[in-house]
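Okay, so here's the structure we're looking at.
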Amino acid sequence: MKLTSRSVSRAVLVSTMVTATAAASVLVASPASAATTLGASAAQSGRYFGTAVAAGKLGDSTYVNILNREFDMVTAENEMKMDATEPNPGQFSYGNADRIVNHARNQGKRVRGHALAWHQQQPGWMQNMSGSALRQAMLNHVTQVATYYRGKIHSWDVVNEAFADGNSGGRRDSNLQRTGNDWIEAAFRAARAADPGAKLCYNDYNTDNWSHAKTQGVYRMVQDFKSRGVPIDCVGFQAHFNSGNPVPNNYHTTLQNFANLGVDVQITELDIAGSGSSQADQFKGVTQACLAVSRCNGITVWGIRDSDSWRASDTPLLFDRNGNKKAAYNSVLAQLNS
Ligand code: G2I
């Protein structure tokens, strides 16, 4: 073959491209290549990195740009709760929840469902119910909502916050609890029947410290459910931290001990009051604890910018009010890439 100067330069170009492609694939395979977003860096170890999303903010371009760029799992902050999805008995309303689910799925993101049964944010008509009528209404709610979203939910918070604060280690008093101690397992069975493909989680707060009575109470329930074949797949640790409730030194122990029961663990609503390097170190510790437990599937932060938080004055998130990355963001990203 006669080489013209044109074909030579083309050959050089092609060989340069092959070399560049080979180098790029080596880079992708190598742990030394740092992914540049939370979702991509968590994905390197098969985990996700999510955020809570509010439907009312999907028109805010700064918010949506960060959401689309950084996160690969989405939780509706309020829009899938009982009061939002069943405002009147037997009448379901999915408009705002669907806005979030559709946005996430169109962007190739997955969805955590939050929450099917909870003593808070019940619709008014349910708050005044009791006994078998309430039990039936709760089960119908679980069945209807989980069926509607069947196939679209990675993990459901089937039951939220059912354990008491303080030292009892027992259940929280609520209208749902007063329908009988078996209400939680009944909810899990209904959810499994409605969406067999979703992971079914029990989700709570202040269950991070292994020595706390509440942590032990939830642990005993999960142990009991596993021993009796109640369909539970995961435990969600909300992880709302502040100076009175700091990230515990034994966090890894807590996550590992739950995982050893044969369930996945997920950090579901992470936020940490504070600023600067102390906040960054605590976010790093939580990330490290999850990465150290093979059954820790992923981390979700409870909002995007500090100003989006349910406790904005604590500046507990990874982006400041202008959408800039904080030190806490950089420490989480570095940890995920480590
Ligand atoms: O409280 C923090 C979280 C604790 N774990 C369960 C989560 O579902 C919970 O999220 C918060 C939301 O971040 C708040 O946004 O749940 C609160 C309600 O329990 C949410 O607050 C509510 C206000 O109470 C309502 O007045 C308001 O209409 O948010 C609603 C929507 O903005």
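The values are calculated or read from the model by the stated rules, or taken from the named source; none is laboratory data. Values in this document were obtained by computation on a predicted structure and should not be read as measured data. Using ideal geometry, Cβ is built from the backbone for each residue, glycine included, and neighbour counts are taken over all protein chains shown. Ligands, DNA and RNA are excluded from the accessible area calculation, which covers all protein heavy atoms including side chains. Shrake-Rupley method; radii C 1.70, N 1.55, O 1.52, S 1.80 Å.
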Going by Cα centres, the range 75-101 and the range 263-312 are how many Å apart?
25 Å
Entries in K81/K284; K214/K284; K57/K326; K57/K152; K199/K325; K214/K325 that, when Cα-Cα distance is taken, lie over 27 Å:
K81/K284; K199/K325; K214/K325
Taking every DSSP bridge whose two residues both lie in the range 32-164, the antiparallel percent to the nearest 5 is 10 percent
Here the convex hull volume per residue of the range 112-240, taken over Cα atoms and given in Å³, is 102 Å³
Could you let me know the centre-to-centre spacing of the range 115-174 and the range 215-262, using Cα atoms, in angstrom?
19 Å
Could you go through the range 271-277 in sequence order and give the Karplus-derived ³J(HN,Hα) for each residue, using 6.51 cos²θ - 1.76 cosθ + 1.60 with θ = phi - 60°, rounded to whole Hz, and x for Gly and Pro?
7, 9, 4, x, 6, x, 6
Give or take rounding to whole Å, what are the principal axis extents of the alpha carbon atoms in the range 136-195, in descending order?
39, 24, 13
Of N78, N249, N167, the one that fluctuates the most in a GNM where the chain has Cα springs shorter than 10 Å:
N167
Across the range 215-229, in residue order, what do the Karplus-derived ³J(HN,Hα) couplings come to in whole Hz, using 6.51 cos²θ - 1.76 cosθ + 1.60 with θ = phi - 60° and x for Gly and Pro?
4, 5, x, 5, 4, 5, 5, 5, 4, 5, 4, 5, 6, 9, x
Dividing the mean separation of Cα pairs under 8 Å (6+ apart) by the residue count of the chain yields a relative contact order in percent of 15 percent
Bridge type composition, the range 193-338 - antiparallel percent by DSSP, nearest 5
10 percent
Taking Cα pairs closer than 8 Å and at least 6 residues apart, the relative contact order of the range 198-338 in percent is 21 percent
Scattering from the C-alpha atoms of the chain alone, worked out with Debye: what is log10 I(q)/I(0) at q = 0.12, 0.16 1/Å?
-0.84, -1.43
Within the chain, percent of DSSP bridges classed antiparallel, to nearest 5
10 percent
Around G298, which amide H atoms from residues at least 5 apart in sequence, or from another chain, sit under 5 Å from its own amide H, with H modelled in the peptide plane?
Y48, I267
When the chain is fully extended, how far beyond the present Cα-Cα distance does A193 get from N68, taking 0.36 nm per residue of separation?
41.8 nm
Treating the angle as unsigned and between 0 and 90°, give the value, to the nearest 10°, between the Cα long axis of helix 183-194 and the longest Cα principal axis of the chain.
50 degrees
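With a probe of 1.4 Å, find how much accessible area the chain has per residue, and write the answer as a whole number in Å².
Per residue, the chain has 42 Å² of solvent-accessible surface.
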The chain, accessible surface, carbon-and-sulfur percent (1.4 angstrom probe)
50 percent
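By per-residue mean of other Cβ atoms within 10 Å, what is the highest-first order of 262-270, 303-311? If you can, show how the numbers build up before the last one.
On the way: 262-270: 24.0, 303-311: 20.4.
So the order, starting with the most tightly packed, is 262-270, 303-311.
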Unpartnered Cys in the chain, judged by a 4.7 Å Cβ-Cβ cut-off, are none
